[in-house]
Amino acid sequence: SRGIKSAVFHEDLTLVERDRAAAWFAESDNGAQVLVCSEIGSEGRNFQFCHHLVLFDLPVNPDLLEQRIGRLDRIGQTETIKLHVPYFAGTAQERLFRWYHEGLNAFESISPTARTILEAQRSRLPDGFRNGGAPFEELVTEAKALRAELAAELEAGRDRLIELNSCR
């Protein structure tokens, strides 16, 4: 048995070491099968040849989540990206996953409203993620409603701009 060929990519590596790890992962024939990254892997590198992203931890900031997914969701991506988010049931990580998935729909599409929802709920998120229960369910329901409301406002704003520019 040969095992899985893996590379690491983190801030303690030199730029040359990071380049080598990324290049080895990009090799289609004999390259690394897995690249384990710290948060630095979500910036600057493009991995559009990769189709699976495992998120062992979720950031509370939706912009960082979008950035992580965006490393794979680039021009040249040929497949649907498959996201994997492992968590233990009943934990803050599961609740954060549900907030992103059910409240923000962040795993299905880019959300221009996510930052606004985060700001509206920021003061209640830590307790909601830690404690769960009714307060958490309210956060998810509120996030979902806020997302729909903000998306409708954005859509209406776009329509007004089109109307203004088409009536010359």
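Just so you know, all these numbers are worked out from the coordinates, no wet-lab data involved. Computed from a prediction, not measured in an experiment: that's the story for all the values here. Cβ atoms come from the backbone with ideal geometry, glycine included; neighbour counts cover every protein chain shown.
Among the residues of the range 34-64, just one is within 17 Å of I110 (Cα to Cα), in contact with a Ser or Thr (Cβ under 9 Å, 6 or more places away or on another chain) and hydrophobic (A, V, I, L, M, F, W, C), namely L64. In summary, strands (runs of 3 or more DSSP E) completely within the range 1-115 and bearing 3 or more residues that are free of Cβ contacts under 8 Å to residues at least 60 places away in the same chain and surrounded by 13 or more Cβ atoms within 10 Å (Cβ to Cβ) occur at 6-9, 34-37.
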